[in-house]
Amino acid sequence: MMAGTAQGQVSGYIGIEGRRARRNIVGRVFSVVLLMCTLFGLVMLAALLVDIAIEGAPWLSPSLWQNYPSRHAEKAGMRSGIVGSLIVIGITALASFPLGVGAAIYLEEYAPKNRFTNFILVNISNLAGVPSIVYGMLGLAVFGRLFGLLEPGSAFADFLTSIGFQFQSGGLNYYEAQLFNIPWLSIRLPFGRSILAGGLTMTLLILPVVIIAAQEAIRAVPASVRQAAYGLGATRWQVVSRTVIPIAMPGIMTGMILAISRAIGETAPLIIMGAFTFVAFLPESVWDRFTAMPIQIYNWITLPQDEFRVHLAAAGIIVLLAILLTLNGIAIFLRNRFQIDWQ
Amino acid sequence: MAQEALKSNGSTPAADQDIIISVNGLAVYYGEKLAVRDISLDFKRHHITALIGPSGCGKSTLLRCLNRMNDLIPGARVEGSVTYNGENIYAPGTDPVDVRRRVGMVFQKPNPFPKSIYDNVAFGPRINGYRGNMDELVERCLRQAALWDEVKDQLRESGLALSGGQQQRLCIARALATEPDLILMDEPASALDPIATLKIEELMYELKEQYTIIIVTHNMQQAARVSDFTAFLSVDREHIDDRIGILVEYGVTEQIFTKPTRQETEDYVSGRFG
Amino acid sequence: MADITSSVDGAAVLNPPRTRRKQGYRQSRLVRNLRESIIHALLFFAGAFSILVTVGIILSLFVDAVGFFQRPEVTLWKFLTGTTWRPLGQPVVPDNFGVLPLVNGTIMIGALSGLIAIPLGVGAAIFLSEYAPIQVRNVLKPILEILAGVPTVIYGYFAITFITPQLRSFVEWLNTTVGTDIRVDFFNALSASVVVAVMIIPMVASISEDAMRAVPTSLRQAAYGLGATRFEVATRVVVPAALSGILASFILALSRAVGETMAVTIAAGATPKMTLNPLTSVQTMTAFIVQVSFGDAPSGSINGQSIFAVGALLFLMTLFMNIVSNIVVRRFREEYE
């Protein structure tokens, strides 16, 4: 073993074998530490699921989805919350699909590369990072109260009454008009604490997520497909609607379903915009008050009795998780079944 | 200039009907960069013209000018004129969508849509509002592309399930369905195996009876086999660092490959560079 | 170049003189262009709609916040600097509206959960990116993603039914064996921070791991070639190269922790106070807003408006953090070539 360098000095590499052994030990220890880090989250997830299963499973019964909330734990159920949640996300899906996918199409296929487009992209990315509670306040101010522009006696209020709206007072005042004199076909302004306002609030919340997911799906469509379509004399919209969107659709649907499943679990925005806690009926029109599953669960958690706080809440959580699992399962199934395999 | 003498090799004015598309003083800019300049040549109807030359000298750029596909590249700008059947396709009022229907294009890598074979061929007619018998049109185009016998029982299968050579013939059938007069082919066989390549070349022979074909190719033997006329594009020697493409020589294929008039052409076809 | 025909009809000019006439292409160019323009306009509206949303957020927060500050019982200065938050206190004076206790609660939970989540998240990211074989990664990564998808109200439940009791019994044991006298309130910041940390670990892990995987293999190969161990490659080559993405993941995760609502509302308590003790109950900005909303305060009242002032402050904080994270990514991005 050469002990000297060309100049005859002692090589600085002598004695590194000992250090090498130490480096190896450090490496081994570290890899175990890293594994621990990764497993921490998994352990927590397992603990969470076990905790919920233990506390909630014995209390699972059809009364959970058949009964309305009640002061008596044996009779209490989440019927109004389940239906409320489903209607809310129904409205959310209907509203966010055209807005979100339309925005993604515009940004990927139509928008010129200039500062304004960049501004829109930055804006969307910022909106994705806004806390959900702020969207609740947005919903309250815009959909619930319309910025207070419709206080009785204001110019807007007078305008509305002049074109046929009638003032209804109550917990929250609103102006109502019958469309074509059909009793159940009416418009109210502002939307107040209605399920429509709830659905629209959630639409704004998940809109950035939908846009970003749709953008990615559209970007994944190979350029050669667009080239071929343009080459055949297609207009831009024909290229988009007949080739790009059909190919991107599985990815778009997956993104939408994931966004919807996030919306189902959101509590704070709905509380802020005025969803109710104790609702013992099912909404019959979009203007009705409503409640949602996570709000019911939260309410039960805040009650002092253990039957509510620990057991019923856990049972409600199981129902919520079951619905989430179904939605995510559908999303994954869609993606695997319909994704095109470009060879 | 010397370029004028190279235009439409020996044709008389009365044979203008023979010219399907004519390029005059064409220059293409991508943003600030000049890519090709001073391109002037006439392409004869019902013949196959090959564009050859080393990479990056504007063959594809020139080809894509003929159906205004270059418009899709942001920052691309064209000077000069391209006259198709007597009309300048770059005139201000002309709609590029119309041009692209009239001029078919086949790309280097086969790119059928992820739709059925039938829907692939029917795509062009459908978007352009075709009112005739679609089944008959699809069959006619698949026959013309020498694909009908192989796929007539699987028209509803996905176009992506075909082999590479079949996919390219499908793309040719798809281009034929909009009933163009001129078909542009950008290295149509370079992604295919030799047997599939041969089939494409045979197809080109058959097609030229009804259509005109302009093909960009890197494969000189292919150009020599298949084309009637050949245009050689190369880099402008006077501004060699700028990589500007110019038309060096244009003539009958046999003459270009056996007795080229320019030294550069001779060097390229004999393999001394490129 | 002679005209083939003298017709002014563009379509006829484009038609060559041939025996076979083209049949059946009937689409008026005018109609088609009109349709394209309308669609373009609709799509533009959808694209620009997000700007409307941002404007809406700013208006809805700040119009009411300004209204709040215009009240005689409140001053902006006291709001931003006061250390007492007693919105229901009598008499109604500016001294009761100092927001710092709420900010204290928010930042304390944010910092604690960051302290827990960041090392664990980076550790998981390094493991998944540099150590785990691909089959293991394909199983572990989706499971981590599930953590991020669990609704926060469930985390709140987990905090008070599992974490807090465990914490209290651990402290009990500590007190009896070591003789300390530590008190853990039922509602406390630490329990909330633990579950918020679990919630944000996937964010840190995912974004950091993406950043690390973007580091070219050639850099790793060079380090291995010089005789480095895997640990050294990970810590001395990959992490520094991916630093901008990793730092960005920290800031984004903290921003998420700051904006978190339900878990802290359930587990951390409703007593605003200036404290550094994580074992006592606090109230965050978000929890206060929920508390007021649950209580049905009329919208024009001072409490009804106070939530907008607090909300505006919260929005500014998270906006600031998101902007900083963008700057960090741009400033520290390493050039590989």
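No value in this document is a laboratory result; all are computed from the given coordinates. Here the structure is a predicted model, which means the values were calculated and not measured. Quick reminder, even Gly has a Cβ in these numbers, built from the backbone with ideal geometry, and neighbours come from all protein chains shown.
Mind pulling the per residue volume of the convex hull built on the Cα atoms of the stretch A:59-133? Å³ is fine.
128
Taking the 0 to 90 degree range and rounding to the nearest ten, how far is the long axis of helix C:189-213 tilted relative to the main principal axis of chain C, both from C-alpha atoms?
Its long axis makes an angle of about 30 degrees.
Length gain on complete extension for the stretch B:ASN219 to B:SER270, per 0.36 nm per residue less the alpha carbon to alpha carbon distance?
Values: separation 51, 0.36 × 51 = 18.36 nm, distance 1.24 nm.
Full-extension gain reported as 17.1 nm.
What's the longest bit of chain A with no exposed trypsin sites (Lys or Arg not before Pro), using DSSP loop states and at most 12 other Cβ atoms within 10 Å as the test?
A:114-343
Kindly give the semi-axes, whole Å and largest first, of the ellipsoid equivalent to chain B, taking each as the square root of 5 times a Cα gyration tensor eigenvalue. Mind dumping the intermediate values first?
Details: eigenvalues 197, 88, 62 Å².
Sorted largest first and rounded, they come to 31, 21, 18 Å.
How long are the three semi-axes of the equivalent ellipsoid for the stretch C:70-221, computed from the Cα gyration tensor as the root of 5 times each eigenvalue, in whole Å, largest first?
Details: eigenvalues 311, 112, 40 Å².
Values for the stretch C:70-221, descending: 39, 24, 14 Å.
Helix hunt in chain A: which complete DSSP H runs extend at least 27 Å axially by C-alpha with mean Kyte-Doolittle at least -0.5? Don't skip to the end; give the middle numbers.
Details: long enough: A:16-56 (59 Å, 1.20); A:79-105 (38 Å, 1.68); A:195-219 (35 Å, 1.75); A:245-264 (28 Å, 1.59); A:313-338 (37 Å, 1.79).
Those that pass (Cα extent of 27 Å or more, hydropathy at least -0.5) are A:16-56, A:79-105, A:195-219, A:245-264, A:313-338.
Taking only the Cα atoms of chain A, how large is their convex hull per residue, in Å³?
Details: hull volume 103.3 nm³, N = 343.
Hull volume normalised by residue count: 301 Å³.
With no solvent and one equal point scatterer placed on each C-alpha of the stretch C:193-268, evaluate the Debye formula and give log10 I(q)/I(0) for q = 0.16, 0.19, 0.20 Å⁻¹, two decimals.
-0.64, -0.77, -0.81
What's the extension gain from C:VAL66 to C:GLN166 if we count 0.36 nm per residue and subtract their Cα-Cα distance?
Details: separation 100, 0.36 × 100 = 36.00 nm, distance 4.42 nm.
Contour length minus Cα-Cα distance gives 31.6 nm.
At q = 0.16 Å⁻¹, what log₁₀ I(q)/I(0) does a Debye calculation on the Cα points of the stretch A:78-230 give, no solvent, two decimals?
Log10 I(q)/I(0), no solvent term: -1.00.
Can you work out ³J(HN,Hα) from phi for every residue in the stretch C:245-253, in order, using Karplus 6.51 cos²θ - 1.76 cosθ + 1.60 and θ = phi - 60°, giving whole Hz and x for Gly and Pro?
After applying 6.51 cos²θ - 1.76 cosθ + 1.60, I find x, 5, 4, 4, 5, 4, 5, 5, 5 Hz.
Can you pull out the trypsin sites (Lys or Arg not before Pro) in the stretch C:74-172 that DSSP calls coil and that have at most 15 other Cβ atoms within 10 Å? Display every interim value, and only then the final one.
Details: sites: C:LYS78, C:ARG137, C:ARG168; in loops: none.
For trypsin sites (Lys or Arg not before Pro) across the stretch C:74-172 that sit outside H, G, I, E and B with at most 15 neighbouring Cβ atoms in 10 Å, the list is empty.
Output needed: percent of Cα pairs per 10 Å distance bin for the stretch C:194-337, bins running from 0 to the one holding the longest distance.
All Cα pairs, binned at 10 Å, distribute as 11, 28, 26, 18, 11, 5, 1 percent.
Report, to two decimal places, the Cα Rg of the stretch A:109-192 normalised by 2.2 N^0.38 Å (N = number of residues).
Ratio of Rg to 2.2 N^0.38 Å for the stretch A:109-192: 1.56.
Under a 5 Å amide H to amide H cut-off, with H placed in plane at 1.01 Å, what residues pair with B:THR212 once short-range neighbours are removed?
Amide H to amide H, under 5 Å and 5 or more residues apart or across chains, B:THR212 pairs with B:HIS46, B:LEU182, B:ILE183.
Test of understanding: given chain A, find the longest segment containing no GluC sites (Glu not before Pro) that are in a DSSP loop and have at most 12 other Cβ atoms within 10 Å. Spell out each step's value before the answer.
Details: sites that count: A:GLU74, A:GLU284.
Longest gap between qualifying sites, sites excluded: A:75-283.
Per residue Cα convex hull volume for the stretch A:247-343, in cubic angstrom?
On the way: hull volume 12.1 nm³, N = 97.
Convex hull of Cα atoms, per residue: 125 Å³.
Just the Kirkwood number for the protein assembly as shown, please: inverse of mean 1/r across all distinct Cα pairs, in Å, one decimal.
Numbers: mean 1/r = 0.0302 Å⁻¹.
Across the protein assembly as shown, the inverse of the average 1/r is 33.1 Å.
Between exposed chymotrypsin sites (Phe, Trp or Tyr not before Pro) in chain A, where DSSP calls loop and at most 13 other Cβ atoms lie within 10 Å, what's the longest gap? If you can, show how the numbers build up before the last one.
On the way: sites that count: A:TYR13, A:TRP184, A:PHE278, A:PHE281, A:TRP342.
Result for the longest clean stretch: A:14-183.
Residue by residue through the stretch C:228-241, what is 3J(HN,Hα) from phi via Karplus (6.51 cos²θ - 1.76 cosθ + 1.60, θ = phi - 60°)? Round to whole Hz and write x for glycine and proline.
Values, residue by residue: 8, 7, 4, 4, 5, 4, 5, 7, 9, 10, 6, 4, x, 5 Hz.
Could you tell me the largest-minus-smallest coordinate of the C-alpha atoms of the stretch C:94-332 on each of the three principal axes, in descending order and whole angstroms?
Computed over the Cα atoms, the extents are 67, 48, 29 Å.
Name the residues whose placed amide hydrogens come within less than 5 Å of the amide hydrogen of A:PHE290, ignoring near sequence neighbours (fewer than 5 apart) on the same chain.
A:PHE276
Could you work out the relative contact order of chain A, using alpha carbon pairs under 8 angstrom and six or more residues apart, expressed as a whole percent?
On the way: 419 pairs, mean separation 85.4, N = 343.
That works out to 25 percent.
Which Rg and Dmax, in Å, describe the Cα atoms of the stretch B:23-121?
So, for the stretch B:23-121, Rg and Dmax equal 14.7, 43 Å respectively.
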